Amino acid sequence: MNGGPGLIEHLESSWRARRSYRAFRPDPIPDATLQRLFAAAQFAPSWCNTQPWRVVVTKPPETQRLAAALQAAATSNLPHSEVPFPLDYPSPYKERRVQCGAALYQAMGIAREDKAGRYDAWLRNYALFDAPHVAIVSCDRRLGPYVYVDVGVWLGYVLTAAAALGLETCPMASVAAYPEVLRTHLSLGETDVTLFGLVMGHADEAAPANACRTSREPSSSCVRIFASGRDE
């Protein structure tokens with residue numbers, strides 16, 4: 001494989017520029033572009049080459065029908081994801097989560113005490129941010145939770161490929177909170193466990209939410225290089 005400084009700099013620049021968009025224009029992505037996106041991501045590695053990701057991609061008007069059903073569920077039922085969401089975020093994850101939320105609400109001009117505004121912003125998740133497409137991602141529950149790692153690697157490939165194709169995206173766990181809606185509308189397999197959604201399209205750059213940017217800790221906060229009985 002040919003690499004070098006130019007390639008890693010190009011990749012790093014793409015990753016730095018990528019962000020999660022929370023408002024989209026209605027124009028759909030051409031079928032050929034969708035197929036190109038997922039064909040590229042299919043080269044993601046997986047344990048024993050199991051390729052465990054299972055994906056259903058909606059197009060208009062099905063995206064809008066699914067969004068309406070998710071909003072109805074969100075306003076009338078408590079979330080109950082098949083893979084439990086964290087109930088507590090110990091330090092340092094809590095601080096990072098709070099900073100992320102603060103950056104988003106600040107971009108949207110929603111004050112901390114504005115409960116109605118925050119509720120409306122939360123409900124926008126289930127409107128799928130008006131995106132023309134959502135990919136619902138699942139895997140076979142019989143394989144156990146370790147394949148979630150493989151699906152996460154695949155998602156990274158999808159996000160990188162989408163950026164290369166000039167598409168905007170937002171991965172979202174929120175839609176997995178109402179799995180029965182996804183099963184009803186998308187005919188998911190009996191053995192599938194729903195993991196997350198990925199909205200895709202072209203961003204509405206004028207939307208305040210899309211001005212949000214999050215920070216990253218230095219890699220040294222997450223990575224240790226260990227040799228000779230000590231950290232380096």
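The values are calculated or read from the model by the stated rules, or taken from the named source; none is laboratory data. Source: prediction; values computed, not measured. Glycine gets a Cβ as well: all are built from the backbone with ideal geometry, and neighbour counts include every protein chain shown.
Taking the condition of being closer than 25 Å to residue 22 by Cα, of a type outside the set (A, V, I, L, M, F, W, C) and crowded, with 17+ Cβ neighbours inside 10 Å, how many residues in the range 186-232 meet it?
Final tally of qualifying residues: 6.
Restricting to the range 53-111, give me the number of residues that are assigned to a helix (DSSP H, G or I) and touching a Cys at 6+ places or on another chain (Cβ under 7 Å).
Keep residues of the range 53-111 that are assigned to a helix (DSSP H, G or I), which gives 62-74, 93-108.
Filter once more, keeping what is touching a Cys at 6+ places or on another chain (Cβ under 7 Å): 103-104, 107.
Within the range 53-111, residues that are assigned to a helix (DSSP H, G or I) and touching a Cys at 6+ places or on another chain (Cβ under 7 Å) number 3.
For residue 146, all conditions in the list (1) in contact (Cβ under 8 Å) with a residue 12 or more places away in the chain; (2) within 26 Å of residue 30 (Cα to Cα) hold save one; what is the number of the exception?
(2) is the only condition that residue 146 fails.
Does the range 22-45 contain at least one residue that is surrounded by fewer than 17 Cβ atoms within 10 Å (Cβ to Cβ), of a type in the set (Val, Ile, Thr), under 21 Å from the mean Cα position of the chain (by Cα) and closer than 23 Å to residue 196 by Cβ?
Looking through the range 22-45, at least one residue is surrounded by fewer than 17 Cβ atoms within 10 Å (Cβ to Cβ), of a type in the set (Val, Ile, Thr), under 21 Å from the mean Cα position of the chain (by Cα) and closer than 23 Å to residue 196 by Cβ.
What's the number of the condition residue 120 fails, among (1) touching a helix residue (DSSP H, G or I) at 6+ places or on another chain (Cβ under 9 Å); (2) at pLDDT 95 or above?
The single condition residue 120 does not satisfy is (1).
Being of a type in the set (S, T, N, Q) and either farther than 24 Å from residue 148 by Cα or at pLDDT below 95 (or both) is true for just one of 64, 35, 51. Which residue is that? Outline the logic, then answer.
Working: 35 fails: either farther than 24 Å from residue 148 by Cα or at pLDDT below 95 (or both); 51 fails: either farther than 24 Å from residue 148 by Cα or at pLDDT below 95 (or both).
Sole residue among the options that is of a type in the set (S, T, N, Q) and either farther than 24 Å from residue 148 by Cα or at pLDDT below 95 (or both): 64.
Restricting the first residue to the range 122-136 and requiring it to be in contact (Cβ under 8 Å) with a residue 24 or more places away in the chain, which pairs with a second residue that is of a type in the set (Gly, Ala, Ser) and assigned to a loop (DSSP other than H, G, I, E, B) meet a Cβ separation below 8 Å and a spacing of at least six or different chains?
Pairs found: 129/23; 130/23.
For the subset of the range 39-78 comprising residues that are out of contact with any Pro (no Cβ under 9 Å at 6 or more places or on another chain) and basic (Lys, Arg), which member is nearest to residue 152 (Cα to Cα)?
Among them, the one singled out is 54.
Of all residues in the range 81-118 being loosely packed, with under 12 Cβ neighbours inside 10 Å and among the aromatic types (Phe, Trp, Tyr), which is farthest from residue 179 (Cα to Cα)?
Selected residue: 93.
I need the full set of residues from the range 9-41 which are free of Cβ contacts under 8 Å to residues at least 60 places away in the same chain and part of a loop (DSSP other than H, G, I, E, B), in order please. So that I can check it myself, show each step before the final result.
Keep residues of the range 9-41 that are free of Cβ contacts under 8 Å to residues at least 60 places away in the same chain, which gives 9-10, 12-13, 16, 30-32, 35, 39.
Hit for the range 9-41 is 30, nothing else.
Have a look at 138, 174 and point out the one that is crowded, with 21+ Cβ neighbours inside 10 Å and out of contact with any helix residue (DSSP H, G or I) (no Cβ under 7 Å at 6 or more places or on another chain).
On the way: 174 fails: crowded, with 21+ Cβ neighbours inside 10 Å.
Just a single option satisfies the conditions, and that option is 138.
Could you go through the range 1-20 and let me know if any residue there is at pLDDT 95 or above and touching a helix residue (DSSP H, G or I) at 6+ places or on another chain (Cβ under 7 Å).
No, that holds for no residue.
I need the full set of residues from the range 46-67 which are surrounded by 13 or more Cβ atoms within 10 Å (Cβ to Cβ) and more than 18 Å from the chain's Cα centre (by Cα), in order please. Lay out the reasoning, then the answer.
Residues of the range 46-67 surrounded by 13 or more Cβ atoms within 10 Å (Cβ to Cβ): 46-47, 51-60, 62-64, 66-67.
If the condition is that a residue be surrounded by 13 or more Cβ atoms within 10 Å (Cβ to Cβ) and more than 18 Å from the chain's Cα centre (by Cα), then 46, 47, 51, 60, 62, 64 are the ones that fit.
If I filter the range 169-181 for residues that are more than 25 Å from residue 96 (Cα to Cα), in a helix (DSSP H, G or I) and in contact with a strand residue (DSSP E or B) (Cβ under 7 Å, 6 or more places away or on another chain), do I get at least one hit? Working first, answer last.
Initial filter on the range 169-181 (more than 25 Å from residue 96 (Cα to Cα)): 178-181.
Applying the additional criterion that residues be in a helix (DSSP H, G or I) yields 179-181.
Next, from what is left, pick out any that are in contact with a strand residue (DSSP E or B) (Cβ under 7 Å, 6 or more places away or on another chain): 179.
Looking for residues that are more than 25 Å from residue 96 (Cα to Cα), in a helix (DSSP H, G or I) and in contact with a strand residue (DSSP E or B) (Cβ under 7 Å, 6 or more places away or on another chain), one finds at least one in the range 169-181, hence yes.
Identify, by number, the condition in (1) under 28 Å from residue 46 (Cβ atoms); (2) assigned to a loop (DSSP other than H, G, I, E, B); (3) of a type in the set (Gly, Ala, Ser) that residue 162 doesn't meet.
(2)
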